[in-house]
1. Of all helices (runs of 4 or more DSSP H) completely enclosed by the chain, which ones contain at least 2 residues that are at pLDDT below 95 and touching a Gly at 6+ places or on another chain (Cβ under 8 Å)?
2. Of all residues in region 32-47, which are closer than 22 Å to residue 66 by Cβ, open to solvent by less than 90 Å² (accessible area, probe 1.4 Å) and not β-branched (Val, Ile, Thr)?
3. Determine which member of the set 24, 6 is surrounded by fewer than 15 Cβ atoms within 10 Å (Cβ to Cβ), over 16 Å from residue 73 (Cβ atoms) and not hydroxyl-bearing (Ser, Thr, Tyr).
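The values are calculated or read from the model by the stated rules, or taken from the named source; none is laboratory data. Note that the structure is predicted; figures quoted are calculated from it, not measured. Quick reminder, even Gly has a Cβ in these numbers, built from the backbone with ideal geometry, and neighbours come from all protein chains shown. Accessible surface areas use protein heavy atoms only, side chains included; no ligands, DNA or RNA. Shrake-Rupley method; radii C 1.70, N 1.55, O 1.52, S 1.80 Å.
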Amino acid sequence: MKDMLNLKIKAIAANIRHTREGLNYTQEYLAAKLGISQNAYSKIELGYTKITVERLFQISAILEIEVAELIDTEKIAAA
């Protein structure tokens, strides 16, 4: 069960990264918008940091995408 959860967290992190890259936003840009360091933001995209629901909503707003799309763990498997 824990392995499945970790895979889902990594898939969500990958969805965030792919969406950011598709918009040609840098990690520095998102980090600045979130008020965190680029290093802290990088850890979110790598799945090292578990993000809160509030942070997930902040990221989705910046990326102009629905939270549901970011947490769609099937999306990355199809890519």
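1. Per the criteria, 2-22.
2. 34, 41, 45, 47
3. Numbers: 6 fails: over 16 Å from residue 73 (Cβ atoms).
From the options 24, 6, the qualifying one is 24.
Every residue, every condition in (1) polar (S, T, N, Q); (2) over 11 Å from the mean Cα position of the chain (by Cα), yes or no:
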position	(1), (2)
18	no, no
46	no, no
54	no, yes
57	no, no
61	no, yes
73	yes, yes
